[in-house]
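For reference, the structure is listed below as structure tokens.
The values are calculated or read from the model by the stated rules, or taken from the named source; none is laboratory data. Treat the numbers as computed from the prediction; the structure is a model and nothing was measured. A quick note on method: Cβ atoms are made from the backbone with ideal geometry, for glycine too, and the neighbour counts reach across all protein chains shown.
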Amino acid sequence: MAGSTEYYEERFVLDSLDNSSEESGDFELDISWEPCSRALSDSFYKIFLPTIYGIIFILGIIGNGLVIVVMGYQKKVKTMTDKYRLHLSVADLLFVVTLPFWAVDAASSWYFGGFMCVSVHMLYTVNLYSSVLILAFISVDRYLAVVRATNSQATRRLLADRVIYVGVWLPAAVLTVPDLVFAKAQVVEASPDPFGLGDKVESTVMCQRIYPSESNDIWTAAFRFQHILVGFVLPGLIILICYCIIITKLSEGSKGQPLKKKALKTTVILILCFFGCWLPYCVGIFVDTLMLLKVIEHSCELEQSVRKWIAITEALAYFHCCLNPILYAFLGVKFKKSARNALTSSKSSQKATLMTKKRGPISSVSTESESSSVLSS
């Protein structure tokens, strides 16, 4: 399930189970077992999440769709950077396609049946992981282009042509197996108000992973830690190490060289954007998991705060797929030229093609490569 709604629904189901297991008897105002109030959360999730998902969907479709169109216009992918850019845009585009389903689910209920529940879960997972892993591959490619520029072409070509499928798409596909096994569309029946006042929570259909009840907490915690490790820590370390080395390299003799300064600035922006988008979300998941495992003492106030934190930071994390086309494509001068050519009339396009043959191929090289006169992709 998509991020914060998954955690909300897990709590919802657990609360319902807690209510149904209570013995009837003399009424005492003992709130030790009482589930946290969901009234505010209901309103928050039904308005905030669909709105944010809708915005990310529109921006992601436009940005990543344009990148794919430009890549198609170029007829042939000419550089390693072009290939990574195309992989990244496909992953981000397929990811945002799942967001309308989660928006409807958050606003009301799951109306799309069991097959679509599993399919959307799998599509969501494979493209969530592939996107961040591709970013790690891009950072390695740029490290090779900047630090090992003289003898890295063969290695870079091998990574872009072959290794990316084994290092990105295969692991991402394998990580969808839990969705195939556990994802289900399940009806959560109406449950009476815990104080016996006759009010009922309306039944709803939820699309989420349903783990074995006797070990639900262990399964949930294990997959959340997997998400943090594979979806953030490992690619984050690769990105941080590679770009820090690149910064060190570009800083050497950059005084008075505006191209190197621009490359240095862009590299810092890439690091800040990745960690700024993903770190707060992963911190929220981590804290929520510690509460689930009772490492952190549970309280309703903390639970509500963590739920909101996850919902807000989830939107920030997913917004990264809208930033990717800007960070990895539109900042490039040559890519912008290719985009303009792709949007002009066929006559202008033919003329641009003729000019390309005379001057050499139009290459949408990486931002660092374009910004430094000593690099090319």
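At a glance:
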{"quantity": "Region 162-188 - residue that is of a type outside the set (A, V, I, L, M, F, W, C) and exposed (fewer than 12 other Cβ atoms within 10 Å of the Cβ) and, of those, modelled with the lowest pLDDT", "calculated": "Arg162"}
{"quantity": "Residue within region 87-101 that is touching a Lys or Arg at 6+ places or on another chain (Cβ under 9 Å), among the β-branched types (Val, Ile, Thr) and surrounded by 19 or more Cβ atoms within 10 Å (Cβ to Cβ) present", "calculated": "no"}
{"quantity": "Number of the condition not met by His298 [criteria: (1) modelled with pLDDT under 90; (2) outside any loop (DSSP other than H, G, I, E, B)]", "calculated": "(2)"}
{"quantity": "Test: residue in region 339-346 that is at pLDDT 65 or above and either surrounded by fewer than 15 Cβ atoms within 10 Å (Cβ to Cβ) or not in a helix (DSSP H, G or I) (or both)", "calculated": "yes"}
{"quantity": "Residue tally, condition aromatic (Phe, Trp, Tyr) and over 19 Å from Val177 (Cα atoms), over region 202-217", "calculated": "0"}
